[in-house]
Structures are given as structure tokens and as C-alpha cells.
1. Order these peptides, 24-37, 414-427, by their mean beta-carbon neighbour count within 10 angstrom, highest first.
2. For the residue pair Val102 and His187, what label-to-label distance in nm results when each label sits 7 Å from Cα along the Cα-to-beta-carbon direction?
3. Would you work out which of Ala92, Ala66, His112 lies farthest towards the positive end of the dipole of region 50-120? Charges go on Cβ: Lys and Arg +1, Asp and Glu -1.
4. Looking at the square roots a ≥ b ≥ c of the eigenvalues of the Cα gyration tensor of region 313-435, which shape do they give, rounded for a/c under 1.5, prolate if a/b is larger than b/c, or oblate?
5. Show that you can apply the helix-only estimate: for the chain, add -39,500 (n - 2.57) for every DSSP H stretch of four or more residues, divide by all residues, and state [θ] at 222 nm to the nearest 500.
6. So which of Lys80/Lys188; Lys127/Lys242; Lys259/Lys344 end up more than 30 Å apart by C-alpha?
7. For helix 202-214, what angle does its Cα long axis make with the longest principal axis of the chain, in degrees from 0 to 90 and rounded to 10?
8. For Glu104, what is the net charge nearby, where nearby means another residue's Cβ is under 14 Å from its Cβ and Lys, Arg count +1, Asp, Glu -1?
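Derivation of every value follows stated rules applied to the coordinates shown; laboratory data play no part. Since the structure is predicted, the reported quantities are computational estimates derived from the model, not experimental observations. With ideal geometry, Cβ positions are generated from the backbone for all residues, glycine too; neighbour counts draw on all protein chains shown.
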Amino acid sequence: MAIGEFDGAAVSGENGALASTPMYWLYEMGHAALNPARAVADATRLFFRNPANPLAHTTYGKSVAAAMELFERSTRRYHKPEWNIDSTLIGAERVPVRANVVWEHPFCRLLHFERVFSHAPRRPQPKLLIVAPMSGHYATLLRGTVETMLPNHDVYITDWVDARMVPVAAGRFDLDDYIDYVISILHKLGGDTHVMGVCQPSVPVLAAVALMEADRDPYVPRSMILMGGPIDTRINSNNVNKLAENRGIDWFRNHVITKVPFPHPGFMRDVYPGFLQLHGFVSMNLDRHLEAHRNLFLNLVKGDGDGATKHREFYDEYLAVMDLSAEFYLQTVDTVFIRHALPKGEMMHRGRKIDPSAVTNVALMTVEGENDDISGVGQTEAAHRLCSNIPADMKVHYLQPDVGHYGVFNGSRFKSEIAPRIADFILSSAVKGDAAKQKPNLKVVGGKA
């Protein structure tokens, strides 16, 4: 199931006409009004699942319990999921993992998944910064990405903060701030770092690296991996991309921006609310979601615990959404989807023009999915054209057959086919000087170098 990231569902705003300042308040009131009904539904579910209840063993009892669970799950608010990564397998050894906050600003925390070794690893462990999307879902959406990269990398990830939890006094946050955060984090990591931008962050990551290279920053990363990102949405433009151009930035400002209601800490902050984003996510693949919930009902009646558990795990993550700062959302829509400022050479950062051709020492790898319906094929590969001064033997593009947007950074194909190529690319870029200019030892299948 493809997941609509910021570069997709966040600009799919046919539902945006619903949004206004009172709408968020009405949503909160409606959610609170349903609390008694949810409590009754949960109690009814427990009653009809109690083994001591004879009806629990009948089709009728199982159907009532299943219906009550669907009602409760469909009307609850899903909070930020836990990472639940407490160990990783390195070779034949199970190594404990601790997630520590090593850098923090109002809108982001940098997590370090520290592996506690009993013996020093034999294989080099490059430092990898994963820049997660700020696109509605929490960074935990990349749990599988982190788990896959942990055995061979020292992994850090940007854990973005829900805008409704940030007080207005903390200030605003826009695309320029996002780029500043990336640069600040790379400084915190102290160099010798590889950066991976997953989906939406591809643009600010490329911008940050270009600015650092222009400044001859000693903490510029060794390599950057851009995955399924909207570098140039003019290429293979889809309906989602065209919608932003047709609507214009004023439509988004007037229809999808609202203020955080009381009693959230971010009271009166302008945001693109999570519940509206979720409506966009779901509407993009409504038939699939309806079928998935129908299957959950049938699995609960049949007693298929494995099927029901998989559904719960997926939707506990998928339905957990966060508000986005209005400044960041509007600036990104305008810069990336309406004006196409980066590929046109017109993107600015605090009065400075961003010039990707300034990148000369950072190896570049781009990854796309053949069936990506969010970032069309070729949109991420465009980074190679923009970064024209990176030597050809420091560039790699890989097109993964038979995967959609989500499959670019998660799932079985990512683990077995994409991640090993990324790991080889990172290792080939990990040595300073002339070794960093050597051609990556990659066998590219379905892509091109």
C-alpha cells in the first residue's frame, strides 16, 4: 500500500475546502463528543470477547466484538508510535540498541540509535544521518528503514515534532529553518557523515549540501542518498503535482491553513492540521483502505489473529499524523510544486541563491521506484543534472522495479535489493581524498550509473 507523503497527499487538497479556523475547533469538539460512545464500544467489545460469555464463541458475538473494535479504531486519535527498536543483529550477535536524543530544537529532535557492542565490529560502521519526511506522518514511519540500516551503520534520524505541541512563543518554522536544521545537525555530527533524504527532504537536503559546499564547510557530508524525492516535479508530472500549479499558493493558504485550538501547547499557531492531511492520505486510496478494514472485520470473526495483528500494526502507524507548521507547508508547496524553483535555479535561502552545481566533493546516489505514484520516475534522478560538477564516477542512480513510493524506503524489496546497494555506495564514499573519487563498486540492475 503506497503511503502519500508530503509531496503527494499534502497537496491533494480537494478536501481543503473543509478547512478553516473553526473547522479544527469543531473537529476537536466532535472527537470529544464521541468519547462516551468509544467507551461504550470498548466495553461492549470486551464483553463479547470474554471467554466466560457463551456468546463470545458464536458468530453473532464475534461479529459484535469486531464491529465495536472497528468503530473504536475508526474514531480514536492515534498518538505518536514508539520506535520499539531495542536490538539489532550484527553477524551472528544480537546487539542491544538505545535511542538517545543528542540534539534538540523546538521542531526537531535528533535521535541516535546507539548500539552497545561487547566487541568492536570488524566491518566499518559509517555514520548515517537519515532525514525523515516532515509530511504528516511521524518519523517512526521509517522504523523499517532504520532497522535495515542498523546492522552496518551508526544511524541517526531526525524526529520531527508535531507543530501543535510547539508553543507560539518558540517562533515560526519554514523551509529555510528546515535547511538550517539539516546544516546544524551535520555540524553536530562533526563530519565524516553520510546523509539520506527520504522523499520530501530530498529538496532541503540537496539545498543544505549545496550551501555547505559553496561555503567550503568542513562538515559537508561524504555522500548524499536521495530517495523518491520531488527534485523536479515537472518530470512525469502526475495529477497531484498538477493540482498545486492549478490551485496556486493563495488557495492553499485560504483553504488548508487553520489555527491550533485550546488546550494544545501550540494554541493559536497556524498549521496544516493532521486530520486534514489524513483525509487526503486516505482519499488517495480509499478503496484499498475500505477493503483493508473489511478484511479486519472478517479476520476478527474468523479468529485470524495474525491478519488482525498486521492490520493493527500498520494502521496504528498510518493513522498517527502530526500538524505541520503553516510557514513550512506553504513555502514548500510554492517552492517545490508551483514554482519548481530548485531545478530552475531560482531557489533562495535567506537571500542566497542555491546552486547545486557548487557540489563537487559529495558523492550522489538517487533511488526511485518504478511504480511510484507520488514522485514520478525521473523526478529524483534530476538531481544528477543539477549537480553537474560531481564527477561521473561519484554518481549512481538506481531504479527499483515493481515498487511504489513506500517500497523505495521500506519493505522486502528495500531490504533485499535497495539497502545493500546503498550500503555499498556509502562504503565506497567513506574514505577521504582520492579514494572518495573511486567509482562505487555497484552492480546496478534496473537502473543506471
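1. Highest mean packing first, the order is 414-427, 24-37.
2. Once both label points are built, they end up 1.7 nm from each other.
3. Among Ala92, Ala66, His112, the one farthest towards the positive end of the dipole of region 50-120 is Ala66.
4. Oblate is the answer for region 313-435, as a/c is 1.5 or above yet b/c matches or exceeds a/b.
5. The per-residue figure over the chain is -11000 deg cm²/dmol.
6. Lys127/Lys242; Lys259/Lys344
7. It is inclined by approximately 30 degrees.
8. Neighbour charge sum, excluding Glu104 itself: +1.
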